[in-house]
1. Filter the stretch 1-34 down to the residues that are crowded, with 17+ Cβ neighbours inside 10 Å and hydroxyl-bearing (S, T, Y), then identify the one that is farthest from H77 (Cα to Cα).
2. Mind listing just one residue for me: the one in the stretch 67-124 that is outside any strand (DSSP E or B), over 10 Å from the mean Cα position of the chain (by Cα) and among the hydroxyl-bearing types (S, T, Y) and, of those, surrounded by the fewest Cβ atoms within 10 Å (Cβ to Cβ)?
3. Would you please name the residue that is surrounded by the fewest Cβ atoms within 10 Å (Cβ to Cβ), looking only at residues in the stretch 127-159 that are aliphatic (A, V, I, L, M) and either without any contact (Cβ under 8 Å) to a residue 60 or more places away in the chain or within 18 Å of K106 (Cα to Cα) (or both)?
4. F88 passes all but one of (1) farther than 19 Å from C132 by Cα; (2) in contact with a strand residue (DSSP E or B) (Cβ under 7 Å, 6 or more places away or on another chain); which number fails?
5. Exactly one condition in (1) aliphatic (A, V, I, L, M); (2) assigned to a strand (DSSP E or B); (3) more than 22 Å from the chain's Cα centre (by Cα) is false for V34; which is it?
6. If I filter the stretch 118-152 down to residues being of a type outside the set (A, V, I, L, M) and in contact with an Asp or Glu (Cβ under 8 Å, 6 or more places away or on another chain), which single residue comes out as nearest to S70 (Cα to Cα)?
7. Tell me, which residue of the stretch 1-31 that is among the basic types (K, R) and in a loop (DSSP other than H, G, I, E, B) is farthest from A117 (Cα to Cα)?
8. Would you be able to say whether some residue in the stretch 42-54 is farther than 26 Å from R102 by Cβ, modelled with pLDDT under 95 and either hydrophobic (A, V, I, L, M, F, W, C) or assigned to a loop (DSSP other than H, G, I, E, B) (or both)?
Amino acid sequence: MNEFTHFNEQGRARMVDISEKEASVRIAVAVSSVTMSKLVYESITNQQIGKGDVLAVAQVAGIMAAKQTSDMIPMCHPIALKGVDISFQWEEKEAESILHIRSMVKTKGSTGVEMEALTSVSVCALTVYDMCKAVDKGMVIGPTALLEKTGGKSGDFKRGKVGINTEDHL
């Protein structure tokens, strides 16, 4: 059973002390998606969005978000990231298209990078929405999930097929 370590003796929130934890290589992979109309898909792939290259801007936004996670999530530690890699995959359906977003974040340190990976794909998806909302505000973001993480005391995690189709994101 996990011990809740985010509370002090008074029951108030605190940032966990990780000074005694062993530094190790830690990797986290998160995914999200944006479901959109064929019109938005064609506007993105034909470079017809007035704000610029949607995927290039979203990719940079996702990388920046991973680097700034501790500024947005109150109890996250600032982490020196060693790498962030964001990739996209299109899935075309009859009436809509889905942009699958995958972020792999890596560090060598005393705490994991799950929140950085999740923040990365979330901001990436939000950036796609922002850049394309003039074409169609009906886009849907999500689901967003942690696919896997390695390293650290809690060990490795790999999401099964519950709740999200992981095959779409690999």
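The values are calculated or read from the model by the stated rules, or taken from the named source; none is laboratory data. Quick caveat, the model's predicted, so the values are computed rather than measured. Please note: Cβ atoms are built from the backbone with ideal geometry, for glycine as well, and neighbour counts cover all protein chains shown.
1. We begin by selecting, within the stretch 1-34, every residue crowded, with 17+ Cβ neighbours inside 10 Å; these are 26-34.
Restricting the remaining residues to those that are hydroxyl-bearing (S, T, Y) gives 32-33.
Numbers: S32: 23, S33: 26 Å.
The qualifying residue farthest from H77 (Cα to Cα) is S33.
2. Going through the qualifying residues, I end up with S70.
3. Taking the stretch 127-159 as the starting set, the residues that turn out to be aliphatic (A, V, I, L, M) are 128, 131, 134-135, 139-141, 145-147.
From what's left, either without any contact (Cβ under 8 Å) to a residue 60 or more places away in the chain or within 18 Å of K106 (Cα to Cα) (or both): 145-147.
Values: A145: 17, L146: 19, L147: 20.
Looking at the filtered set, the residue picked out is A145.
4. (1)
5. Only one criterion in (1) aliphatic (A, V, I, L, M); (2) assigned to a strand (DSSP E or B); (3) more than 22 Å from the chain's Cα centre (by Cα) is unmet by V34, namely (3).
6. Filtering the stretch 118-152 down to residues of a type outside the set (A, V, I, L, M) leaves 119-120, 122, 124, 127, 129-130, 132-133, 136-138, 142-144, 148-152.
Retained after the next criterion (residues that are in contact with an Asp or Glu (Cβ under 8 Å, 6 or more places away or on another chain)): 148-150.
On the way: E148: 20, K149: 18, T150: 20 Å.
Going through the qualifying residues, I end up with K149.
7. Just the residues of the stretch 1-31 that are among the basic types (K, R), to begin with: 12, 14, 21, 26.
If we keep only those that are in a loop (DSSP other than H, G, I, E, B) as well, we get 12, 14, 21.
Working: R12: 27, R14: 22, K21: 21 Å.
Here the answer is R12.
8. Quick first cut of the stretch 42-54, residues farther than 26 Å from R102 by Cβ only: 50.
Imposing the further condition that a residue be modelled with pLDDT under 95 reduces the set to 50.
Next, from what is left, pick out any that are either hydrophobic (A, V, I, L, M, F, W, C) or assigned to a loop (DSSP other than H, G, I, E, B) (or both): 50.
So far as the stretch 42-54 goes, yes, one or more of its residues are farther than 26 Å from R102 by Cβ, modelled with pLDDT under 95 and either hydrophobic (A, V, I, L, M, F, W, C) or assigned to a loop (DSSP other than H, G, I, E, B) (or both).
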